[in-house]
Amino acid sequence: MNLASYINLCKPKIVLLLTVTALVGMLLSINFYSNILDGLASLLGFALLAGASAALNQIFDRETDKNMNRTKKRPLASGEISLFSALTFTAILLFVGSSLLLYFSNLMTLLITTFGFIFYSLIYTIYLKWATPQNIVIGGLSGALPPLIGWTAVNNDISLLPLTLVLVIFLWTPPHFWPLAIDRLEEYKKEGVPMMPIAKGVSRTKKEMVVYAILLLAASLAPFFYGLTGYFYLISTTTLNLYFIYLCIAYLNDRENELSMKIFNFSVKYMFLFFLATYIDFLISLYV
């Protein structure tokens, strides 16, 4: 068994990002620190379910993946793993992940996670991705849920702070993914995926990226103005967002689309830095 192939089936970089945002959702609650082991076991359960969702996405997209440079080396597309092995592995992840979440957290957390799993691996992958240029916008809801999942795992309730973090990720998703779609425009066009740059044009996509980046700034400021975060959060996240907006505006005049991967790569760093700043601000509020 090639362990690396099974790990790659789970899209480890994406799962890591999702798990980090779920962890911050936990870390922002005092309740996490009174039962850290249960929280970490719940986080492992979430990570396994996120991996199962990513694996199922690759199972459904295996034929399309063979034809795109970005995805043709994925385990199923390249033939490193058989379809039966992938299905078996996914079923194991589903069972173990669900069991951990239900035992160490609560039913609410399992239900929200299951909703995200179904939304991404089934509704988005099978239908939305092929049906509308708003596929990434609508489908981004599943990837936005982890902070709420982390919060509910240790609190068994829903609060304003994790909901604002969900909104931040939701608004971040289009300007995060569309530069990649522009960079791989011909590949998506060849496979008939109606990404925004194909359906509405690159120019309009770039303009909408600016709109989303500005909305992202507004959503990021909400926790501060609701009194949920402090000045470190305000300064850090404002700086991140202003630079993101600057990149998106510069992208408007980038006729050769040379900034595509720079914006995409920064957006990944943005998410890690945003949640790091949120947690540091939480620690400051505890000790200052």
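The values are calculated or read from the model by the stated rules, or taken from the named source; none is laboratory data. This is a predicted model, so every value here is computed, not measured. Cβ: placed from backbone, ideal geometry, glycine included. Neighbour counts: every protein chain shown.
Residues L252, L283, L247, L259: which one is out of contact with any strand residue (DSSP E or B) (no Cβ under 7 Å at 6 or more places or on another chain), closer than 22 Å to P162 by Cβ and either aromatic (F, W, Y) or in the same structural domain as I182 (by TED's automatic domain parsing) (or both)?
Numbers: L252 fails: closer than 22 Å to P162 by Cβ; L247 fails: closer than 22 Å to P162 by Cβ; L259 fails: closer than 22 Å to P162 by Cβ.
None of the other options fit; the residue is L283.
I'd like to know if segment 196-215 contains one or more residues that are more than 30 Å from N69 (Cβ to Cβ) and either in contact with a Leu (Cβ under 6 Å, 6 or more places away or on another chain) or among the polar types (S, T, N, Q) (or both).
Yes: one or more hits.
Anything in segment 78-125 that is small (G, A, S) and touching a Ser or Thr at 6+ places or on another chain (Cβ under 6 Å)? List them, or say none. Spell out the reasoning first.
Keep residues of segment 78-125 that are small (G, A, S), which gives 78-79, 82, 85-86, 91, 97-99, 105, 116, 121.
S105, G116, S121, listed by residue number.
When you look at S236, is it among the hydroxyl-bearing types (S, T, Y), in a helix (DSSP H, G or I) and under 11 Å from T278 (Cα atoms), yes or no? Please lay out each step first, then the result.
Details: among the hydroxyl-bearing types (S, T, Y): yes; in a helix (DSSP H, G or I): yes; under 11 Å from T278 (Cα atoms): yes.
Here the answer is yes, as S236 does meet what is asked.
Given the criterion touching a Ser or Thr at 6+ places or on another chain (Cβ under 7 Å), assigned to a helix (DSSP H, G or I) and modelled with pLDDT of 95 or more, identify the matching residue among L37, L43. Talk me through it step by step, then tell me what you get.
Details: L37 fails: touching a Ser or Thr at 6+ places or on another chain (Cβ under 7 Å).
Only one candidate qualifies: L43.
Filter segment 100-113 for residues that are part of a helix (DSSP H, G or I) and within 11 Å of S42 (Cβ to Cβ); which is nearest to the chain's Cα centre (by Cα)? Lay out the reasoning, then the answer.
We begin by selecting, within segment 100-113, every residue part of a helix (DSSP H, G or I); these are 100-104, 107-113.
Then drop every residue that is not within 11 Å of S42 (Cβ to Cβ), which leaves 100-104, 109-110, 113.
Working: L100: 21, L101: 19, L102: 22, Y103: 25, F104: 23, T109: 17, L110: 18, T113: 13 Å.
Per the criteria, the residue is T113.
Yes/no per residue for (1) in contact with a helix residue (DSSP H, G or I) (Cβ under 7 Å, 6 or more places away or on another chain); (2) without any contact (Cβ under 8 Å) to a residue 24 or more places away in the chain; (3) under 26 Å from S159 (Cβ atoms); (4) not hydroxyl-bearing (S, T, Y):
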residue	(1), (2), (3), (4)
P223	yes, no, yes, yes
L228	yes, no, yes, yes
T237	yes, no, yes, no
A277	yes, no, yes, yes
Y287	no, yes, yes, no
